[in-house]
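First comes the structure, then the notes that go with it.
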Amino acid sequence: MLAKPGEDFLAAIIVAAGYSFRMKRFKPLLSLGGDTVLEKAVNSFLKSGVEDIRVVVGHRANELCPVLDRLGVQTIVNPNFSEGMFSSVTAGVKSLLPTVKGFFLLPVDNPIVNRETLEKLQSTFFTTEFGIIYPTYQGMRGHPPLISSRYVNKVMSWDKPGGMRALLEQYEHDAINVEVDDPGILLDMDTPEDYRQMLKYCGDTDPQVPTEEECYTILKNANTSVKVFNHCKQVAQLSSAMGSHLIRSGSNLDLELIRAAALLHDLAKGEPHHAQVGAEMLVNYPKVAEIVAEHTDICLNPGDSSITEKEIVYLADKLVIDDQIISLQARFSGPVEQYKNDQEVTEKIKQRLSNAERIQTRIEQIIKIPLHEIRKVDLGGQG
């Protein structure tokens, strides 16, 4: 029943610009129901016939823009996102076309909304005079409200505390509740526990990727030396930089998984076969453990040019000695010279170098810049 552009039609504003402080992980790109959280939110509107979808980005916008380009929705960059969520709401509202008669407003951390819910809100909007339509489940209001465009100027001029909630509270006389059979409207994901509940609701299992804070706790409990800890942090920074550039170039990667595996790759450093020992210590995090297990000797299939999280961590580890980023040639010249009289060891070293070079070449082909440029731009000139 959604009207087409040129007639009376509706838009959706999804706010995805925040820091995700309490979650400790970047919410828009977390996995949920076979998609990312951001994709889940966008698809909710697409399935209900809303064609004008605008996503407001700010923090880590460079990682979200490629996802939004693939989805074919409008990206609104809020340079003032650090001022709080209302600045992002304002940026989204300001971007609306004059022909828009109303807009849904959805924080990205409330991504689960049924098609039937959105259609019921639209039907109410077009058949009543109310300007603010709230979905409710068992009497409790949830997201997203559907708001008449007659409130656009009020949003743009609002300068009192409390943001959008406080503004809308001024107009309760123009609001109506619509009861829906959709508990998802009440589910948000401010904290890791909220996220676990949302995964359970979607029928997912926890992807079991530890937060950065949890990684530091794991390293501390393993009595990791300062030298190894600093090495892991540098590998994580380089891995994250490479992953971000690959995502911008269209690669489908889990940046949270990359960072966690890089932080923990030398968890058991000093132990014989430390990669395997470290993987066994991470039995509760199987995705991370798989990467840790292969960070010294990776298995590359001939002819396979794909890049996954595993290859990124492998290469980053080879490009870092202690906490300094160097070239592959500098990294391997010493070991080749040291073991030149041991043919078996020399062959292993050369194979590791060959694997690293293949991965580096493939990454540079995808991102279309040499890796040393990433190091200059993203990591303060190292390398």
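The values are calculated or read from the model by the stated rules, or taken from the named source; none is laboratory data. Because the structure is a prediction, the values reported are computed rather than measured. Cβ: placed from backbone, ideal geometry, glycine included. Neighbour counts: every protein chain shown. Ligands, DNA and RNA are excluded from the accessible area calculation, which covers all protein heavy atoms including side chains. Shrake-Rupley method; radii C 1.70, N 1.55, O 1.52, S 1.80 Å.
Taking the C-alpha atoms only, the angle from helix 212-221 to the longest principal axis of the chain is near 40 degrees. Residues whose amide H comes within less than 5 Å of that of Val56, counting only those at least five positions distant or on another chain, are Ile14, Val15, Ala16, Ile76 (H built at 1.01 Å from N in the peptide plane). What the pair-distance distribution of region 203-309 shows, using all Cα-Cα distances binned every 10 Å from zero, is 15, 46, 31, 7, 0 percent.
Evaluated over the Cα positions of region 129-288, the convex hull gives a direction-averaged projected area, one quarter of its surface, of 14.4 nm². Of all DSSP beta bridges confined to region 83-239, the antiparallel ones make up roughly 60%.
Express the carbon and sulfur contribution to the solvent-accessible surface of the chain as a percent, rounded to the nearest whole number, probe 1.4 angstrom. Carbon and sulfur: 48 percent of the exposed surface of the chain.
Per-peptide packing, taken as the mean over residues of other Cβ atoms within 10 Å, places 196-204, 103-111, 233-241 in the sequence 103-111, 233-241, 196-204 from highest down. The 3J(HN,Hα) values that the Karplus relation (6.51, -1.76, 1.60; θ = phi - 60°) gives for region 290-297 are, in residue order, 4, 6, 4, 4, 10, 6, 9, 10 Hz. Gly and Pro appear as x. Contact order for the chain, expressed relative to its length and based on alpha carbon pairs under 8 Å spaced 6+ residues apart, stands at 14 percent. Computed over the Cα atoms of region 76-143, what is the ratio Rg over Rh, Rh following Kirkwood? That ratio is 1.00, to two decimals. One decimal place: the segment Glu213-Lys227 gains 3.2 nm when fully extended, by the rule 0.36 nm per residue minus the C-alpha distance.
Report note on the peptides 81-93, 273-285, 308-320: ranked by the mean count of other C-beta atoms within 10 Å, highest first, their order is 308-320, 81-93, 273-285.
For region 284-351, the fraction of C-alpha pairs more than 21 angstrom apart is 36%. Figure note: Leu71, Leu264 ranked by solvent-accessible area, largest first, 1.4 Å probe, ligands and nucleic acids not counted: Leu71, Leu264.
Under Stokes-Einstein, with the Kirkwood radius over Cα pairs standing in for Rh, what whole-number D in µm²/s applies to region 158-220 at 25 °C and 0.890 mPa s? Estimated diffusion coefficient is 157 µm²/s. Within straight-line reach of Lys227, meaning a Cα separation under 19 Å, sit the following lysines at least 8 residues removed in sequence or on another chain: Lys269, Lys318.
Judged by the gyration tensor of its Cα atoms, with axes a ≥ b ≥ c, region 248-383 is rounded; a/c sits under the 1.5 cut. Taking Cα atoms only, the orientation of helix 61-71 departs from the longest principal axis of the chain by about 70 degrees.
Under conditions of 20 °C and 1.002 mPa s, region 114-153 yields 201 µm² s⁻¹ as its translational diffusion coefficient, taking Rh as the Kirkwood radius over Cα pairs in the Stokes-Einstein equation. Residue pairs exceeding 29 angstrom between C-alpha atoms, taken from Lys40/Lys160; Lys200/Lys368; Lys27/Lys94; Lys47/Lys101; Lys233/Lys340; Lys47/Lys200: Lys40/Lys160; Lys200/Lys368; Lys233/Lys340.
Solvent exposure of the chain amounts to 47 Å² per residue of accessible area, where only protein heavy atoms count and the probe is 1.4 Å. Does anyone have the angle between helix 115-127 and the longest principal axis of the chain? Alpha-carbon axes, 0 to 90°, nearest 10? Value to nearest ten degrees: 30. Diffusion coefficient of region 1-151 by Stokes-Einstein, Kirkwood radius over Cα pairs, 20 °C, 1.002 mPa s: 138 µm²/s.
Between the C-alpha center of region 112-187 and that of region 58-104 there is a gap of 19 Å.
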